[in-house]
Ligand code: A2P
């Protein structure tokens with residue numbers, strides 16, 4: 001499988017298993033199916049509330065000799081309630097304990113949003129920290145520290161726009177090597193991709209299939225269904241594959257790491273098979289000609305009510 005190489009020589013497989021929304025009761029089996037099928041990259045996060053089950057599956061896979069630790073690439077993410085310098089290492093150590101690992105291959109700041117310690121999801125003003133309380137540069141310095149200590153081999157961010165990346169790049173000793181953001185043909189993020197590529201920052205596409213399994217409250221009533229897009233379906237027919245596989249191949253064609261979530265054995269296998277699909281330039285142009293624009297995960301839940309954060313803290317507003 002194609003890989004993307006970090007500055008220390010580590011390679012991240014271009015396809016990984018996403019675990020956001022995978023229920024604790026499903027993710028154990030999903031991770032084992034994925035490893036059996038040939039996945040060597042699992043994308044996790046503390047806030048997904050399933051790292052213990054992912055950890056049990058990894059432990060089982062290592063114990064049974066299915067795969068060795070060093071053959072797996074494991075990513076996790078720092079939740080918003082541990083951005084203070086002193087909170088980063090304990091949060092990472094908890095994730096390592098849950099995942100039953102000694103180190104992560106990649107650790108990301110999950111969002112450029114900060115909550116007070118112990119707050120799962122801030123809603124009232126006193127549960128938030130602002131950028132003057134806890135500057136992102138402070139969190140980044142702590143990320144550099146955990147890398148130096150060997151708890152994370154590589155460090156990066158998630159949901160960072162060009163402005164926020166620029167702030168980190170200006171002040172850092174080690175630059176972020178990955179930015180994980182939502183990306184698919186309805187949100188190609190060309191400006192951000194160009195900025196990241198010109199600064200040596202790799203990209204991972206989350207929600208590459210449009211995350212149709214979000215709760216109905218998390219969905220906009222009129223939101224488009226990516227997997228049902230006509231142009232994507234036409235290409236799927238041409239390649240004798242599924243719409244999901246075209247969406248995975250689209251990201252790989254752009255050299256962007258992609259992490260489709262599935263807890264279904266057939267779909268887990270099918271998504272891995274998509275790494276063999278070769279889109280030609282005509283196919284890619286057709287995908288680029290899709291004019292629908294939609295951000296499924298717009299982060300507005302962090303900006304409601306008494307939150308000190310605004311949408312422009314998250315995305316470049318067009
Ligand atoms: P399931 O877990 O039952 O397979 P995203 O990665 O964009 O968050 O999308 C995840 C959603 O897409 C889940 O509902 C998942 O369901 C579904 N999914 C994953 N793989 C495929 C596939 N190959 N075809 C159709 N739906 C898929």
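FYI, it's all coordinate maths here, none of it is from the lab. Because the structure is predicted, anything quoted here is derived from the model rather than measured. Glycine gets a Cβ as well: all are built from the backbone with ideal geometry, and neighbour counts include every protein chain shown.
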Could you calculate the contour length gain from residue 227 to residue 172, that is, 0.36 nm times the residue separation minus the distance between their Cα atoms, to one decimal place in nm?
15.9 nm
For the pair residue 23 and residue 93, what calculated FRET efficiency results from E = 1/(1 + (r/R0)^6), where r is the Cβ-Cβ distance and R0 = 35 Å, to the nearest 0.05?
0.90
Expected max-MSF residue from 220, 147, 191 in the GNM of the chain (alpha carbon, under 10 Å) is 220
I'd like the FRET efficiency for residue 3 and residue 237, computed as 1/(1 + (r/R0)^6) with the beta carbon distance as r and R0 of 30 Å, rounded to 0.05.
0.50
Centre separation in Å (Cα based) which lies between region 34-63 and region 142-204:
23 Å
Using the Kirkwood radius built from alpha carbon pairs, what does the Stokes-Einstein equation give as D for region 218-260 at 25 °C and 0.890 mPa s, in µm² per second?
216 µm²/s
Region 11-54: equivalent-ellipsoid semi-axes (sqrt of 5 x gyration tensor eigenvalues, Cα, Å):
17, 12, 7
Quick one: 139, 173, fewest Cβ neighbours within 10 Å first, how do they rank?
173, 139
Rh (Kirkwood, all Cα-Cα pairs) for region 122-200, Å, reads 14.1 Å
Extension gain (nm, one decimal) between residue 284 and residue 66, 0.36 nm per residue minus Cα-Cα
74.9 nm
If you bin every alpha carbon distance in the chain into 20 Å steps from zero, what whole percent lands in each bin?
33, 61, 6
Distance in nm between pseudo-label sites at residue 37 and residue 276 (7 Å out along the Cβ direction from Cα)
1.3 nm
By how many nm would the segment from residue 191 to residue 215 grow when fully extended, if each residue of separation counts as 0.36 nm and the alpha-carbon distance is taken off?
5.7 nm
